[in-house]
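Q: Input: one structure, supplied below.
The values are calculated or read from the model by the stated rules, or taken from the named source; none is laboratory data. Just so we're clear, the structure is a prediction, and the values are computed from it rather than from any experiment. Please note: Cβ atoms are built from the backbone with ideal geometry, for glycine as well, and neighbour counts cover all protein chains shown.
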Amino acid sequence: MTMFEFLIAPFTEFGFMQRALAGSLLLSLSCCPVGVFLMLRRMSLAGDAMAHAILPGAAAGFLLYGLELVPMTIGGLIAGLTVALSAGAVSRFTLQREDASMAAFYLISLAAGVLLVSLRGSSVDLMHVLFGSVLALDNSALTLIGSICVVTLILLTVFWRALVAECLDPLFLRSVSRLGAPVHFVFLGVVVLNLVGGFQALGTLLSVGLMMLPAAGARFWTSRVETMALLSVAIGMVSCAAGLLVSYHAALPSGPAIIFAAGAIYLFSVIFGTRGAIAARVRPSRHRTA
Amino acid sequence: MSDPCLTFNNLTLGYDRHAAVHHLEGVVDKGSLTAIYGANGSGKSTLLKGIVGLIKPMAGDCKRSPGTRIAYLPQLSEIDRAFPARVVDIVSLGLWPRLGLLGRQTAEDRKAVADALVAVGLAGFEKRPLDTLSGGQMQRALFARVLVQNADLILLDEPFNAIDARTVRDLLVIISRWHAEGRTVMAVLHDLELVRLHFPETLLLARAPVAWGQTKDVLTPANLEYSRHFDEAWHDDAPWCEGDDAHHGSIHGHEHGHGHGHDHHDGHAHRDSKHGSASAKAPQTEDA
């Protein structure tokens, strides 16, 4: 098998592979920078929680309309935003920190979701909602992911400075501007939007993987936010292509294959990154006097 | 003719319905340089937070003259030192009031940042990651950010904590320059010598204002003795403070007589009377 046959042919020969690649690349472009900010705000697990929170909305859409893109997306969006905003509001306006309020609301939401799915669906349906099917992306799903990508990139560009300030020195932002709280909620909204976009392709459980793993990996190579965001997108895109190829050649489910590829890059970065484990362990051969 | 930068009108600030700054009356003149002095828990930081607007008054209010730009250096910053940022990034945050969310940095802005770093002795530190800075260097970087903010009212909360003598000297030069430029500066300090040498005015706090005015009139042995012995604890059975006449003789034993019933904003006030002439009426040292 030539290199071309192995790497390129699957994408040129099959329409579903092209759509899967296009969808997952778009998703990388929009999810990964969001993941960088989630990580820098120490909310890596909040992304995971939010992904679970989407379930009841998607399940409600599924119950009412079957396996349809639009109702499941809208349902997921509503559920996700409700949980994100409630958790954000509790942490902003009460003493409780966001980790606790987020855990509380996502658990409520997840329980509601599982109950909803069990009302009618079989476990096969649940598997579909949880693990998605990137190989079955149709044009309307691609349009949705594309729109989410555009909206995300615009919002990130507009609010970039405020996001950085809110992560770096929230007290300072509060002393010079009233944007702190709105930016936080816009950001939570963007997270939900991307998770909803991701769950079509990867399922609710794994959509957060494409968000967090490339970001977590990129952290080991650079100490600038801008570079980190770009690098995470690159890692995400490579993971998508690699995962799809593995899935194609080895007849494995595509979603987990993509996340596994991202996980492999993450592990590589942990160990070999310029700010990774080895670099931190190795004693420099010489050092400067000042 | 005094030109007020800040006007406190019976300002009471606190937490959880317990007062931390009680019935503060008075005016901070434009261009004044005021030290805020007092024991732990006397309400110094709370007052600054109230001025910035980080906590809302429980009673009364604090008016800024319109258009006043504030720069605030908190006692405990919430800076995430692990965040991938460089010194120049954090100092550039000071451009926020000018640039807002979307404004682009001009060459002039970048020069302001570079000049500020030189002024605090951090030239050459532009590209240093935050997690490699010492405590004193971090404090200087935050001073540089205040410089960049180009504010009319500068609030510094214990700016010299854990700072070496040389750095304190450098930072004091900057404070005097602000004073010379006509900016209003209020700083929470714990070093009496430093206050006496460098700060013309002092506000002595012990939950309620003990004295406020010329430093030499405020930092008298009697006033200091009183401020050291105020009751720092909160009491669940402390009486409610019921309006202007009802709070005399509350169990904290603080003196409310000053300030009330006088008009402090009548324009003709000279130094000693405009702040409510607290220094003259501070209780004598009965518990000394």
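Q: Among the listed residues B:116, B:123, which satisfies the condition of being out of contact with any Asp or Glu (no Cβ under 9 Å at 6 or more places or on another chain), surrounded by 21 or more Cβ atoms within 10 Å (Cβ to Cβ) and under 24 Å from residue B:176 (Cα atoms)? Break it down into steps so the answer makes sense when it comes.
A: Details: B:123 fails: surrounded by 21 or more Cβ atoms within 10 Å (Cβ to Cβ).
Result: B:116 is the single residue among B:116, B:123 that is out of contact with any Asp or Glu (no Cβ under 9 Å at 6 or more places or on another chain), surrounded by 21 or more Cβ atoms within 10 Å (Cβ to Cβ) and under 24 Å from residue B:176 (Cα atoms).
Q: In addition: Within segment B:117-163, how many residues turn out to be in contact with a helix residue (DSSP H, G or I) (Cβ under 6 Å, 6 or more places away or on another chain), without any contact (Cβ under 8 Å) to a residue 40 or more places away in the chain and away from chain A (no Cβ under 14 Å)?
A: Of the residues in that region, 7 qualify.
Q: Now a separate question. Provide a single number: the residues in segment B:40-92 that are surrounded by fewer than 18 Cβ atoms within 10 Å (Cβ to Cβ), more than 12 Å from every other protein chain (Cβ to nearest Cβ) and either within 15 Å of residue B:157 (Cα to Cα) or aromatic (Phe, Trp, Tyr) (or both).
A: 2
Q: Sort out which residues of segment B:1-11 are in contact with a Cys (Cβ under 8 Å, 6 or more places away or on another chain) and surrounded by 20 or more Cβ atoms within 10 Å (Cβ to Cβ), and write them in order of number. Reasoning before the result, please.
A: Initially, segment B:1-11 is screened for residues in contact with a Cys (Cβ under 8 Å, 6 or more places away or on another chain), giving B:6-9, B:11.
Once the filter is applied, which keeps residues that are in contact with a Cys (Cβ under 8 Å, 6 or more places away or on another chain) and surrounded by 20 or more Cβ atoms within 10 Å (Cβ to Cβ), segment B:1-11 yields B:6, B:8, B:11.
Q: Return the residues of segment B:13-37 that are more than 14 Å from the chain's Cα centre (by Cα) and closer than 18 Å to residue B:227 by Cα; say none if nothing qualifies.
A: Passing the criteria: B:19, B:20, B:22, B:23, B:25.
Q: A further question follows. Right, residue A:154: within 14 Å of chain B (Cβ to nearest Cβ) and at pLDDT 90 or above or not? Don't jump to the end; show me each part of the working.
A: On the way: within 14 Å of chain B (Cβ to nearest Cβ): yes; at pLDDT 90 or above: yes.
Yes; evaluated as a whole, the condition is true for this residue.
Q: Let me ask you something else. Quick check on my filter: what residues within segment A:81-95 are more than 14 Å from residue A:56 (Cβ to Cβ) and modelled with pLDDT of 85 or more?
A: Let us first name the residues in segment A:81-95 that are more than 14 Å from residue A:56 (Cβ to Cβ), namely A:85, A:87-95.
Once the filter is applied, which keeps residues that are more than 14 Å from residue A:56 (Cβ to Cβ) and modelled with pLDDT of 85 or more, segment A:81-95 yields A:85, A:87, A:89, A:90.
Q: Looking only at segment A:241-282, count every residue that is buried (at least 19 other Cβ atoms within 10 Å of the Cβ) and more than 19 Å from the chain's Cα centre (by Cα) and tell me the total.
A: Result for segment A:241-282: 4.
Q: Evaluate segment A:34-42: report whether one residue or more is buried (at least 17 other Cβ atoms within 10 Å of the Cβ), under 28 Å from residue A:158 (Cα atoms) and either without any contact (Cβ under 8 Å) to a residue 40 or more places away in the chain or of a type in the set (Val, Ile, Thr) (or both).
A: Within segment A:34-42 (the criterion being buried (at least 17 other Cβ atoms within 10 Å of the Cβ), under 28 Å from residue A:158 (Cα atoms) and either without any contact (Cβ under 8 Å) to a residue 40 or more places away in the chain or of a type in the set (Val, Ile, Thr) (or both)), the answer is yes, since at least one residue qualifies.
Q: Which numbered condition trips up residue A:230, out of (1) away from chain B (no Cβ under 14 Å); (2) surrounded by 13 or more Cβ atoms within 10 Å (Cβ to Cβ); (3) among the hydrophobic types (A, V, I, L, M, F, W, C)?
A: So residue A:230 meets the others, but not (1).
Q: Tell me which of these residue B:14 doesn't satisfy, since it passes every other one: (1) surrounded by fewer than 23 Cβ atoms within 10 Å (Cβ to Cβ); (2) closer than 21 Å to residue B:159 by Cβ.
A: The number of the failed condition is (2).
Q: Just give me the residues in segment B:1-31 being within 18 Å of residue B:213 (Cα to Cα) and part of a loop (DSSP other than H, G, I, E, B), in sequence order.
A: Within segment B:1-31, the subset within 18 Å of residue B:213 (Cα to Cα) is B:1-11, B:21-31.
Those that are within 18 Å of residue B:213 (Cα to Cα) and part of a loop (DSSP other than H, G, I, E, B): B:1, B:2, B:3, B:30, B:31.
Q: Take the residues in segment A:4-18 that are in a helix (DSSP H, G or I) and within 14 Å of residue A:241 (Cβ to Cβ), then tell me which one is modelled with the lowest pLDDT. Talk me through it step by step, then tell me what you get.
A: Within segment A:4-18, the first condition is being in a helix (DSSP H, G or I), and the residues that meet it are A:4-7, A:9-13, A:15-18.
Applying the additional criterion that residues be within 14 Å of residue A:241 (Cβ to Cβ) yields A:6-7, A:9-12, A:17-18.
Details: A:6: 81, A:7: 84, A:9: 84, A:10: 85, A:11: 86, A:12: 84, A:17: 88, A:18: 89.
The qualifying residue modelled with the lowest pLDDT is A:6.
Residue-by-condition table, conditions (1) part of a helix (DSSP H, G or I); (2) under 30 Å from residue A:12 (Cβ atoms); (3) modelled with pLDDT of 90 or more:
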| position | (1), (2), (3) |
| --- | --- |
| A:198 | yes, yes, no |
| A:203 | yes, yes, no |
| A:211 | yes, yes, yes |
| A:222 | no, no, yes |
| A:226 | yes, no, yes |
| A:229 | yes, no, yes |
| A:237 | yes, yes, yes |
| A:241 | yes, yes, yes |
| A:244 | yes, yes, yes |
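Q: Moving on. Could you please give the count of residues in segment B:145-174 that are of a type in the set (Val, Ile, Thr) and surrounded by fewer than 22 Cβ atoms within 10 Å (Cβ to Cβ)?
A: Of all residues in segment B:145-174, those of a type in the set (Val, Ile, Thr) come to B:146, B:148, B:154, B:163, B:167-168, B:173-174.
If we keep only those that are surrounded by fewer than 22 Cβ atoms within 10 Å (Cβ to Cβ) too, we end up with B:163, B:167-168, B:173-174.
Here the count works out to 5.
Q: Would you call residue A:35 assigned to a helix (DSSP H, G or I), among the small types (Gly, Ala, Ser) and under 20 Å from residue A:180 (Cβ atoms)? First the steps, then the outcome.
A: Values: assigned to a helix (DSSP H, G or I): yes; among the small types (Gly, Ala, Ser): yes; under 20 Å from residue A:180 (Cβ atoms): no.
No: the conditions fail for residue A:35.
Q: Further question: Determine whether segment B:49-68 contains at least one residue that is in a loop (DSSP other than H, G, I, E, B) and within 27 Å of residue B:192 (Cβ to Cβ). Step through it out loud before you land on a result.
A: The first filter runs over segment B:49-68 and keeps only residues in a loop (DSSP other than H, G, I, E, B), leaving B:53-58, B:65-68.
Checking the rest, the ones that are also within 27 Å of residue B:192 (Cβ to Cβ) come to none.
Within segment B:49-68 (the criterion being in a loop (DSSP other than H, G, I, E, B) and within 27 Å of residue B:192 (Cβ to Cβ)), the answer is no, since none of the residues qualifies.
Q: Now for a different question. Given (1) modelled with pLDDT of 90 or more; (2) out of contact with any Ser or Thr (no Cβ under 6 Å at 6 or more places or on another chain), identify the lone condition not met by residue B:157.
A: The failed condition is (2).
Q: Residue A:61 is checked against (1) modelled with pLDDT under 85; (2) surrounded by fewer than 24 Cβ atoms within 10 Å (Cβ to Cβ) and fails just one. What number does that condition carry?
A: Here residue A:61 meets the rest and fails (2).
Q: Based on this model, can you work out whether residue B:111 counts as surrounded by fewer than 21 Cβ atoms within 10 Å (Cβ to Cβ), at pLDDT 90 or above and within 13 Å of another protein chain (Cβ to nearest Cβ)?
A: Details: surrounded by fewer than 21 Cβ atoms within 10 Å (Cβ to Cβ): yes; at pLDDT 90 or above: yes; within 13 Å of another protein chain (Cβ to nearest Cβ): no.
No.
Q: Return yes or no: is residue A:187 in contact (Cβ under 8 Å) with a residue 40 or more places away in the chain, out of contact with any strand residue (DSSP E or B) (no Cβ under 7 Å at 6 or more places or on another chain) and away from chain B (no Cβ under 14 Å)? Please lay out each step first, then the result.
A: Values: in contact (Cβ under 8 Å) with a residue 40 or more places away in the chain: yes; out of contact with any strand residue (DSSP E or B) (no Cβ under 7 Å at 6 or more places or on another chain): yes; away from chain B (no Cβ under 14 Å): no.
For residue A:187, the condition - in contact (Cβ under 8 Å) with a residue 40 or more places away in the chain, out of contact with any strand residue (DSSP E or B) (no Cβ under 7 Å at 6 or more places or on another chain) and away from chain B (no Cβ under 14 Å) - is not met.
Q: Looking at A:171, A:115 in this structure, which one is at pLDDT below 90, over 28 Å from residue A:22 (Cα atoms), assigned to a helix (DSSP H, G or I) and within 12 Å of chain B (Cβ to nearest Cβ)?
A: Details: A:115 fails: within 12 Å of chain B (Cβ to nearest Cβ).
One residue alone meets the criteria, A:171.
Q: Here's something else I'd like to know. Quick check on this structure: which one of B:45, B:32, B:65 is more than 23 Å from residue A:174 (Cβ to Cβ) and out of contact with any His (no Cβ under 6 Å at 6 or more places or on another chain)? Outline the logic, then answer.
A: On the way: B:45 fails: more than 23 Å from residue A:174 (Cβ to Cβ); B:65 fails: more than 23 Å from residue A:174 (Cβ to Cβ).
None of the other options fit; the residue is B:32.
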